[in-house]
1. Restricting the range 1-22 to residues that are touching an Asp or Glu at 6+ places or on another chain (Cβ under 7 Å) and within 15 Å of I46 (Cα to Cα), which is surrounded by the fewest Cβ atoms within 10 Å (Cβ to Cβ)?
2. Pull up the range 35-55, narrow it to residues that are of a type outside the set (D, E, K, R) and part of a strand (DSSP E or B), then point me to the one that is surrounded by the most Cβ atoms within 10 Å (Cβ to Cβ).
3. Return the residues of the range 1-34 that are more than 17 Å from S60 (Cα to Cα), not charged (D, E, K, R) and not in a loop (DSSP other than H, G, I, E, B); say none if nothing qualifies.
4. Report, ordered by the first and then the second residue, all pairs with beta carbons closer than 7 Å, sequence separation of six or more or different chains, a first member in the range 32-54 that is touching a residue at least 60 places away in the same chain (Cβ under 8 Å), and a second member that is of a type in the set (S, T, Y).
Amino acid sequence: MKVLYDEEVDALYLKLSDQKPDGVIEIAEGINIDTTTDGKLAGIEILAASQKINIETILSYSLEVNQGIFRKKIA
């Protein structure tokens with residue numbers, strides 16, 4: 001995942017995949033989900049981002065991982 005912020009236009013983009021998006025779902029005013037042809041999430045765009053979230057917080061995030069989701073069961 002990549003976090004991109006354009007201060008000039010106040011837009012934040014969370015890039016979730018390297019797949020090229022081909023569709024957009026607006027879930028709220030100025031909040032868009034980019035999707036691929038096979039229905040996967042490619043990214044999240046937040047316009048007027050500084051009015052919706054604390055930009056400093058999102059650009060200095062920490063990641064908590066539930067290790068169980070990364071374990072593979074071998075038969």
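1. Among those residues, the one meeting the criterion is A11.
2. I46
3. G23, V24, I25, I27, A28, I31, N32, I33, listed by residue number.
4. none
Read-outs throughout are calculated quantities, based only on the coordinates presented, and are distinct from any laboratory measurement. Every value quoted in this text rests on a predicted model; they were computed, and no experiment measured them. Please note: Cβ atoms are built from the backbone with ideal geometry, for glycine as well, and neighbour counts cover all protein chains shown.
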